[in-house]
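Novice: Right, I'll just put the structure down here and ask away after.
The values are calculated or read from the model by the stated rules, or taken from the named source; none is laboratory data. All values derive from a computational prediction rather than experimental measurement. For neighbour counting, all protein chains shown are included, and Cβ atoms are generated from backbone atoms with ideal geometry for every residue, glycine included. Calculation scope for accessible area: heavy atoms of the full protein, side chains included, ligands and nucleic acids excluded. Shrake-Rupley method; radii C 1.70, N 1.55, O 1.52, S 1.80 Å.
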Amino acid sequence: MKKLLGLATATAMLLGTTAPSFAADTLALVVSTLNNPFFVTLKEGAEEKAGELGYELLVLDSQNDPAKELAAVEDVLNKDVKLLMINPTDSDAVRSAIRAANRKDVPVVTLDRGASGGDVVSHVASDNIQGGEMAAELVNATFEGAAKVVELQGVPGTSAARDRGEGFNKGIDAVDGLMIVASQAADFDRTKGLNVMENILQAQPEVNVVFAHNDEMALGAIKAIEAAKRDILVIGFDGTDDAVAAVNDGSMLATVAQQAAMIGSLGVETADKILKGEDVADYTPVPLQLIQK
């Protein structure tokens, strides 16, 4: 009996070691930069949803460098990934990465920022033009149609910067008393926002309000304004934790809040539908919210 039990145990152990293990399908997420709280939150939303749906999620950071982005995409394409989600560093430069995925028949979903070329199955993002218009409407309402305005632009070439700027300028241009006195790129970066704002303040004796294309630049601008002891209101974009805290303590007028975690989560949901052969929309809008004290 002991020999039979031993044989049975040995057989069971052998089966356990040789039976195939079926790993979860792997999705890839290539993010423009994880040095920005917004994209960290987007990544976390994607990770949570991937776990819920039973996917492995491979995340790579492009560090705001199109060359590193292409290398990251080529790296994940050499692995057995079923679908590529990408948050582009630049809407034009990302075309090479997307076409590399197209050549390997790996479906592509863009998140937050769009691509100007390549075959993209679906794009998940906020309506950035509408967000820019919301910021312009707030400027108009706050200053009753008369203000000197500064615009801090995001990374040139990204769809987010282009669309937020388009919506904002459209709203400002529609009101005769609103004037943009300076519009410069600060690349969605807090330190650059500080430095660019310092230079603008030296050149512009009269500024009433700043609209920054993201919260990081807005928070940098606030530091420059405080150091210069100027009374200037600031509007950001994204709804990061730091920005909401700044709104609540009165140092920022408002932030146009995206739902970063929802963008990541909806990206994975869209990927899941694509891999199951279901129809998906070319564009999935994620609602915006104006956060004020």
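Novice: Could you tell me whether any residue of region 97-106 is touching a Ser or Thr at 6+ places or on another chain (Cβ under 7 Å) and either more than 27 Å from V149 (Cα to Cα) or part of a helix (DSSP H, G or I) (or both)?
Specialist: Scanning region 97-106 turns up no residue that is touching a Ser or Thr at 6+ places or on another chain (Cβ under 7 Å) and either more than 27 Å from V149 (Cα to Cα) or part of a helix (DSSP H, G or I) (or both).
Novice: Test each condition in (1) open to solvent by less than 50 Å² (accessible area, probe 1.4 Å); (2) in a strand (DSSP E or B); (3) of a type in the set (D, E, K, R) for D90 and report the one that comes out false.
Specialist: Only one criterion is unmet by D90, namely (2).
Novice: Does region 170-188 contain at least one residue that is in contact with a strand residue (DSSP E or B) (Cβ under 7 Å, 6 or more places away or on another chain), part of a helix (DSSP H, G or I) and touching a residue at least 24 places away in the same chain (Cβ under 8 Å)?
Specialist: yes
Novice: Next question, about the same structure. Look at region 135-160 and say how many of its residues are open to solvent by less than 40 Å² (accessible area, probe 1.4 Å), in a helix (DSSP H, G or I) and of a type in the set (A, V, I, L, M, F, W, C).
Specialist: Within region 135-160, residues that are open to solvent by less than 40 Å² (accessible area, probe 1.4 Å), in a helix (DSSP H, G or I) and of a type in the set (A, V, I, L, M, F, W, C) number 5.
Novice: Additional query: Go through (1) open to solvent by 80 Å² or more (accessible area, probe 1.4 Å); (2) more than 30 Å from I86 (Cβ to Cβ) for A203 and report which single condition fails.
Specialist: Against the list (1) open to solvent by 80 Å² or more (accessible area, probe 1.4 Å); (2) more than 30 Å from I86 (Cβ to Cβ), A203 comes up short only on (1).
Novice: Looking at region 217-233, can you tell me whether even one residue there is at pLDDT below 95 and under 17 Å from the mean Cα position of the chain (by Cα)?
Specialist: Looking for residues that are at pLDDT below 95 and under 17 Å from the mean Cα position of the chain (by Cα), one finds none in region 217-233, hence no.
Novice: Take L194 and tell me if it is part of a helix (DSSP H, G or I) and under 26 Å from T89 (Cα atoms).
Specialist: For L194, the condition - part of a helix (DSSP H, G or I) and under 26 Å from T89 (Cα atoms) - is met.
Residue-wise test of (1) modelled with pLDDT of 95 or more; (2) open to solvent by less than 40 Å² (accessible area, probe 1.4 Å).
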residue	(1), (2)
F211	yes, yes
V256	yes, yes
V268	yes, yes
L275	yes, no
P287	no, no
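Novice: Does region 103-139 hold any residues that are of a type outside the set (D, E, K, R), farther than 22 Å from D90 by Cα and touching a Gly at 6+ places or on another chain (Cβ under 7 Å), and which are they?
Specialist: Within region 103-139, A136 is the sole residue that qualifies.
Novice: Something else now. Please specify each residue of region 48-81 satisfying the condition of being open to solvent by 50 Å² or more (accessible area, probe 1.4 Å), of a type in the set (D, E, K, R), under 21 Å from A261 (Cα atoms) and in contact (Cβ under 8 Å) with a residue 40 or more places away in the chain.
Specialist: Of everything in region 48-81, just one residue is open to solvent by 50 Å² or more (accessible area, probe 1.4 Å), of a type in the set (D, E, K, R), under 21 Å from A261 (Cα atoms) and in contact (Cβ under 8 Å) with a residue 40 or more places away in the chain, namely E48.
Novice: Here is a follow-up. D112 fails exactly one of the following numbered conditions: (1) touching a Ser or Thr at 6+ places or on another chain (Cβ under 8 Å); (2) open to solvent by 30 Å² or more (accessible area, probe 1.4 Å). What is the number of that condition?
Specialist: (2)
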